[in-house]
Each structure stands twice: as C-alpha cells, then as structure tokens.
1. Take the eigenvalues of the Cα gyration tensor for region B:182-239, scale each by 5, and report the square roots as semi-axes in whole Å, largest first.
2. Which angle between 0 and 90 degrees, to the nearest 10, do you get for helix B:88-97 versus the longest principal axis of chain B when only C-alpha atoms count?
3. So, by mean Cβ neighbours within 10 angstrom, what's the order for B:52-65, A:201-214 with the highest one leading?
4. What are the ³J(HN,Hα) values, in whole Hz, obtained from phi via the Karplus relation 6.51 cos²θ - 1.76 cosθ + 1.60 with θ = phi - 60°, for each residue of region B:109-123 in sequence order, with x given for Gly and Pro?
5. Can you pull a Stokes-Einstein diffusion coefficient for region B:260-316 at 25 °C (0.890 mPa s), Rh from Kirkwood over Cα pairs, as a whole number of µm²/s?
6. For the ranges A:168-175, A:250-257, B:276-283, what's the packing order if you count other beta-carbon atoms within 10 Å of each residue, average per peptide, and put the highest first?
7. Among B:Lys54/B:Lys178; A:Lys109/A:Lys180; A:Lys180/A:Lys245; A:Lys109/B:Lys273; B:Lys54/B:Lys195, which pairs are too far apart, with a Cα-Cα distance over 27 Å?
8. How many nm separate the modelled label positions at B:Ile199 and B:Ile211, each set 7 Å beyond the Cα in the direction of the Cβ?
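The values are calculated or read from the model by the stated rules, or taken from the named source; none is laboratory data. Keep in mind that what you see is a predicted model, and the values were worked out from it rather than measured. Heads up, the Cβs are rebuilt from the backbone with ideal geometry, glycines too, and the neighbour counts pull from every protein chain shown. Surface accessibility is based on the protein's heavy atoms, side chains included, excluding ligands, DNA and RNA. Shrake-Rupley method; radii C 1.70, N 1.55, O 1.52, S 1.80 Å.
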Amino acid sequence: MHSEPSRIRRTGILQSAVVIAWMVAFGWLALGSGDDPLLGRFIRSDYWWLVYAGIGILVALAASLVVRPPRHTGLGGLRSLLQIGILLLPLLFLPLAVTSELSTDAAEKRSLYTPRVAVSRPQSSSPAKLEPKRNASNENAKPARNSAKSPEPTMLDLVSDPEDFEGSNVTLVGIVHRDKRLPANSFFCYRLVMVCCAADATPAGVIVEWPESSKLKKGTWVKVNGKVTFTKFDGSDYPAISAAKVEKTSTPKNGFLIPQ
Amino acid sequence: MLTRDPEVRDLAINFVAIILEAVPFMMIGALIGGIIEAFVPPEFVQRLLSGRTKSAIFVAAGLGVIFPICECAIVPIVRRLINKGVPLPAAIAFLLGAPIVNPVVAASTLLAYQGNWGMVATRMVCGYVIAVSVALVLGALFKHETEALLPGEPSCEHGCCHCEGHHHDHKPSSFSSKILDAITHARDDFFTFAKFLIIGAFVAALARATIDVVAFRQLFSSPILSILAMMGLAVTLNLCSGTDAFIAAGFRAVFPSTAQMAFMVLGPMLDLKLMLTYFTLFRGRMIGVLALLTFVAVLTAMMALQYGFGGVPGAQ
C-alpha cells in the first residue's frame, strides 16, 4: 500500500508527464517542421494560433505543477491510469497521422461528386446537394475568362466557376479516382478542400477524359493539361477536362486546397 | 510499426485534426474560467440574481455574457448560488443558459463555422430562450425548493468545481497568488474534462472515417431523424460547450444545419456527464422533469427552425 503523500506525488508526476507530452507534441507540430508546416496537414493556417496559444497555456500548467503541486490524488489505481491513457491517446495517433494522407476511400465517403457546392459555398451548413449549375448544351455560356487574369487556375477556381474557363487550356494537379460509372477513357481528378480542418475536408474535382485513363492507378497524383469542357455524368453535367497530356507528379507539400 | 490500413490512417488524421482545434480551445476556456473564479467575487453574481424571481430568470439566462463558464464547471457554481439564496428558477436559467450564451462559446462557434454569424446568433438565441422557458416552467412546477433540491450544504463552500490544488483559506491574496489560483483551476479543468473531449473527438473522427456520407444521409433522410440523431450524440458525447462546435461542424456535409444546431444547444444543457453532476444537487424527479423539458424544448425549437425557416437562418 502506498502512503497518501506518495500517491499525491505520483499524481503530480503523472500530470506533469501528460502536460510535457502535450507540449512536446504541439511544439513538434508548430515549430519542428521547417518550411513544410505539419500543422498544415491538419488545420488551416488561420487556426494555427490556437495551437500556439495551447503551447503557452501548457507551459503555464507545467509551471503551476512545479509551484503548486496537486494536493489530492484524484482517482487512484487503474482508473487513474485509464484517464492518463485517454489523455495521451491523441499523441499515440500523431506519428501515424503525420505520415499519412487522407485516402481516396475517405474522399469517396465524403461524397466525391459534390465538388461545386462544397467549394463555392464553404460556409454552408446544409448537406451538399447534387445539382448541376448549368446545362452543357447551354449556348449562352459565358466566354472563357481571360487567361491573363488567371493563367493557371487551381482546381478550386475551376470547380467554383467552370463556365468561366470553358474552352480554356488549363493545367491542374490532383488525385486520380477511378469510378465504375465513368467510361474507360475517363477518371475523376480531385483535390481535398479544407474549410476548417482535415476532418471536414471535402473533395472537389473534375472528370478528365483521356484515352489512357485505365493505366492510371487510383490515388496517384497527376498533372493534367487540357481543354475545359462539360460532360454528362450520372444524369448531370459536370466540369471536365479533355486532356492532351496527363503525367504522374509528386505529392505536393500540402495536399489540401484552402478556400478564402 | 504503422498500419497500412487506410481507414485507420484516415481516423488518425481526423482525430488529430479535431484535437488540434478543440483541445487548445478547451484550455483557453479553462483559463478564462480560472481567471473568473480567481478574480470575480461570487457576491457580485448573487447581487445580480437576487430580487424578483421572474426578472432574475431573464437576467440569469444571459449571465454567461459576463461569466463565460462552460457546462463543465457550472453545477458547483449553481449549487453555491442556491445555497446563498438565489431563487431556484433563476439558478436553473443560469445552469442552462450560461454554458451557451457566452463569448467563449460564440467565438468557438464562429471559428468552427468559418465566420457564419447565422449559426452563432441562432445558437445564442436558442440557448437563451430555451433556458428561460425551461426555468419558467420548472418554477411553476416546483413551488417549494425542497421538492427539487437535495438537502444539505454544498460540499465545497468555495464554490469551485474540483477543489484540488488551490487554497481554501479565503484570506485576501495577492495578484500573483490569484494568477496562480487561476492557472491551477485551469489545470484542474484540463485534467477533469479533457478526457471527455478526447473521447468525443475520437467518436467524431471514427464516424468521419467510417461513415459513407451518402448512405448516412439516406439512413437519416428526414430532418427530424437527423435532429434526433444529433441530439442523441450530444447527450452521449459529453462535450464541453467551448469546443463542441468543432465537432458539430465536422457533420456539416452529413446533417442539416438544424441537426448541428440541436447538437450545440442540447449538449451544454443535457449530457451524461451533466446528468451525473445534477444528482449532486437535484432530486431524481426534478432531474427527470428538467431533462424531459430541455429535450422537448430543443427538439421543438429545431423543428420550428427546420420547417419555419428551412434551416438555421443564414446557414444555407
């Protein structure tokens, strides 16, 4: 049996260990990542201050543990260890999280074919709807936007206002997704759009028409060059690229697109 | 040795992402709560809530604006207020309203919903109106406080939530000592409530990693089913009101705005953790009536928003 003072001391040690572990984890994500901020893999840069503030508070908590150690043991024994285990659980997932990127399965589960709503209405709180914005045969479509204004539109630009780029030559980088509903000469090319954090990232993309589509593996990062058009998919009109060239490319430092 | 299972990897990313937003916010809220605990004299609150019962209800439901306390710390404070003579209905209004109608919760909701003031305003208004309504009804149902309250003195005269680590001698203390008190309170809150937040974040991340949005939408295709599902989730997840908006926002693509709002309004008023702490203060019948009234009020408000306004105003 442990005496009361030794149990209190043990509580202080366990609490200190938890606070220090969180400080190290937050510090690693915030500072130890050089020009490739690890925080950017999880939350958009507007919110990084939360983690910086968290580090500051953790430092204060650690200092308070030194100056004013716990006076009570709280729960003892196994329950105490279970609580500490829960508090450290996110840190155990951290190594796996920083070495991973969201899978194509995740994108599919997040409704792969609702790109335009997800991007053009980032503040929406309603479930995205699968509604075509225009008819592909619409003869009154707006002319292509002056390429000098946006020489290399991002996937976000294209998905937000595909009509503006109809007929333009564009080069985009995205992830390959194969879908049985698409013809053999097509694949879906998408990026994940981070509104707030990786947990709410939603896919946004276009259909790419390319004769050698079947050679591309699902999940591969590709650079697509071609002309913007529209194509029928699942009964609706979708923005598409009639590709002249598709080549594999390396994974970007931050795979997410961030709407303003 | 890291797993190659994509679902586990997705879970890890979702989990860490939610934690990186929610845990710092909980710590900021805990620190603010600690500062209030250390610097604001409780007599000030008691003065505000004394007087006629009905007017006190309307004041109490909005007191979170100047006392931004999350629901994690509210029950011990309410217990102390009641023991100091604050009328029961006013204490109930404070209990239900303060964890929602407060600037910390407004800020976290604004952040989680990317500056969407419609979500913030609706949450504040719903929180206030429901807190006042439930308090008025309970005041009418329980004329004598002995019908509602457990007998006995509060276990902690200091009125604080955990009574760990800080001094109880109540002597006038220096500024630096008060700062240390505030940090110690924040530390206690971190160790008491972070585990609930982590469990909630894990469940939300798991749901995000495994649930097919389209299939889920079909399963809860009607708004009322969505609202009920999110209310059930709010009760079971035990999230802190300062951070629950980040979890609710994770369901943006899954459920309508009213279901997310139901989650954010009901959770701070009624979850399993709160119910357990209610047993330290109220009789069983009182808890049953309080839970039922709150549940019905939130459901009614969300249905009114869904079918009267087509969702949360400004959220579409």
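1. Values: eigenvalues 196, 34, 8 Å².
So the three semi-axes of region B:182-239 are 31, 13, 6 Å.
2. 30
3. On the way: B:52-65: 19.4, A:201-214: 21.9.
The packing order, highest mean first, is A:201-214, B:52-65.
4. With coefficients 6.51, -1.76 and 1.60, one gets 5, 4, 5, 5, 9, 6, x, 7, 5, x, 5, 5, 5, 4, 5 Hz.
5. Numbers: Rh = 12.5 Å.
For the chosen part, D equals 197 µm²/s.
6. Numbers: A:168-175: 20.6, A:250-257: 14.5, B:276-283: 17.0.
Highest-to-lowest ranking by the protection proxy: A:168-175, B:276-283, A:250-257.
7. On the way: B:Lys54/B:Lys178 35 Å; A:Lys109/A:Lys180 15 Å; A:Lys180/A:Lys245 22 Å; A:Lys109/B:Lys273 32 Å; B:Lys54/B:Lys195 38 Å.
Pairs exceeding 27 Å: B:Lys54/B:Lys178; A:Lys109/B:Lys273; B:Lys54/B:Lys195.
8. Here the modelled spin labels are 1.9 nm apart.
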